[in-house]
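Only the coordinates and a few stated rules stand behind these numbers; no lab work does. Source: prediction; values computed, not measured. Heads up, the Cβs are rebuilt from the backbone with ideal geometry, glycines too, and the neighbour counts pull from every protein chain shown.
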Amino acid sequence: TALGTYTMAIGMMALLASVMAGLLWDHVGVAAPFLLGGATALLAALLLAFLLPRRMAIAA
């Protein structure tokens, strides 16, 4: 079902994110996963601010 597929995708991405964070921690440094997370969140916020339309159409 769609819910099962969605849940599986969330689990797989959580596993991948944990592995990537561990590799960054080991090879770059302790702060690397947190800096990457902050940079990604900032980029997402900027993209949302500039790419979303200013007004959303209200369906009647």
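Out of all the residues in region 1-34, which are among the polar types (S, T, N, Q), assigned to a helix (DSSP H, G or I) and over 15 Å from the mean Cα position of the chain (by Cα)? Spell out how you get there, then give the answer.
Restricting attention to region 1-34, the residues satisfying the condition of being among the polar types (S, T, N, Q) are 1, 5, 7, 18.
In the following step, the residues that additionally are assigned to a helix (DSSP H, G or I) were identified as 5, 7, 18.
Of everything in region 1-34, those that are among the polar types (S, T, N, Q), assigned to a helix (DSSP H, G or I) and over 15 Å from the mean Cα position of the chain (by Cα) turn out to be Thr5, Thr7.
Kindly check whether there is at least one residue in region 36-52 that is part of a loop (DSSP other than H, G, I, E, B), loosely packed, with under 10 Cβ neighbours inside 10 Å and not β-branched (Val, Ile, Thr). Yes, the conditions are met somewhere in region 36-52.
Consider Ala32 carefully, then state whether it is small (Gly, Ala, Ser) and surrounded by 10 or more Cβ atoms within 10 Å (Cβ to Cβ). Spell out how you get there, then give the answer.
Details: small (Gly, Ala, Ser): yes; surrounded by 10 or more Cβ atoms within 10 Å (Cβ to Cβ): yes.
The answer is yes for Ala32.
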